[in-house]
1. With θ set to phi - 60° and the Karplus curve 6.51 cos²θ - 1.76 cosθ + 1.60, what are the ³J(HN,Hα) couplings of region 187-202 in order, to the nearest whole Hz, using x for Gly and Pro?
2. Fewest Cβ neighbours within 10 Å first, please rank HIS285, HIS240, HIS148, HIS215 accordingly.
3. Given Cα pairs under 8 Å that are at least 6 residues apart, what percent is the relative contact order of the chain?
4. Can you tell me how region 51-108 classifies by the Cα gyration tensor, rounded, prolate or oblate, using a/c under 1.5 as the rounded cut?
5. Could you list the square roots of 5 times each eigenvalue of the Cα gyration tensor of region 152-209, that is, the equivalent ellipsoid semi-axes, sorted largest first and rounded to whole Å?
6. About the Cα centre of region 138-288, how large is the charge dipole given +1 on each Lys and Arg Cβ and -1 on each Asp and Glu Cβ? Please answer in debye to the nearest 20.
7. So if R0 is 22 Å, what FRET efficiency would VAL267 and LEU55 give, r being the distance between their Cβ atoms, rounded to the nearest 0.05?
8. Can you compute the radius of gyration and Dmax for region 119-176, using only the Cα atoms, both in Å?
Amino acid sequence: MEEPASALPLSEAEIERRSMAEEDPNGNEHGAGARSSTVPRWGPQHAGAKELAQLYSPGKRLQEWICVILCVCLVVINFFFLMLHFSMDHFSKLIVAIFAGIVTADFASGLVHWGADTWGSVDIPVIGKAFIRPFREHHIDPTAITRHDFIETNGDNCMFTIIPLAHMTYKFITNSPEAIYEAYAWDCYVFCLGIFVTMTNQIHKWSHTYFGLPHWVTILQDLHIILPRKHHRIHHVAPHETYFCITTGWLNYLLEKIGFWRNSEYVITNLTGHKPRADDMKWAHKME
Ligand SMILES: [Zn+2]
Ligand SMILES: [Zn+2]
């Protein structure tokens, strides 16, 4: 089947037809896709979704717990050091650092999400089951994420930030006050990047949650400070080939316009011969 050159622009009706209705909390089976015989049945009853959910192991759970605990401790320690060394001299640089940190986190979320959605497979030893499996599950059962607890939602993102945050703590402990002053704006940038990378999957979970969200979260979504629900829905249109950024989503329109993901896929396919989303398609079409 020929894939369209671009996933955009799609009409509201087309998004509705090709994606799963999420306003129903957990049923997931009444969407337009489920009613059509040509489109796989999405949601927790999908054969692939059931198989993928069962692959969540106790070892994986332990890794997530360790990452969450380490990450939370390091965030608290570094926040304390940043407060301790704060001076008004840094104020203007601080604003730039925070903004740059958020934009970088959004791009990083897109890159990791695109990489895991598009390449590799659940069959790759260790990495496949631990880190690619959640991405496959998310496409065929998008609201499974709303049933994941805090540890399962945030464990992997916490893992990414441990080393940079630990390095920052080490610098605060060993560097001279002058060196800390010099590096302050950079450390604020890394800290803000770390915070937003850590929070990305929680923000992503909120973008799938249509019931019972705290009011302040919906305000942040409506202001597009964090990923809005309507915006992320564009990604969840089969075959899931655009709008990969899931922290704020600020970069999605631009990256789509310049064909960033399409062109990257073109280059990788030419270099390696691998077809984008081959494994994702395999799971989507899994039948009982
Ligand atoms: Zn995806
Ligand atoms: Zn999603």
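FYI, it's all coordinate maths here, none of it is from the lab. All of these numbers come straight from a predicted model, not from anything done at the bench. Note: ideal-geometry Cβ built from the backbone for every residue, glycine included; neighbour counts use all protein chains shown.
1. So the Karplus estimates, Gly and Pro as x, are 5, 5, 4, 5, 5, 5, 4, x, 4, 6, 5, 4, 8, 4, 6, 5 Hz.
2. Numbers: HIS285 12, HIS240 22, HIS148 17, HIS215 7.
Least crowded to most crowded, the residues run HIS215, HIS285, HIS148, HIS240.
3. Working: 356 pairs, mean separation 79.8, N = 288.
Relative contact order of the chain: 28 percent.
4. Working: a/c = 8.01, a/b = 2.02, b/c = 3.96.
It is oblate, given that a/c is not under 1.5 and a/b is not larger than b/c.
5. On the way: eigenvalues 167, 28, 5 Å².
Output for region 152-209: semi-axes of 29, 12, 5 Å.
6. 460 debye
7. On the way: r = 31 Å, r/R0 = 1.41.
Taking R0 as 22 Å, the efficiency between VAL267 and LEU55 is 0.10.
8. Here Rg and the maximum Cα pair distance are 16.1, 52 Å.
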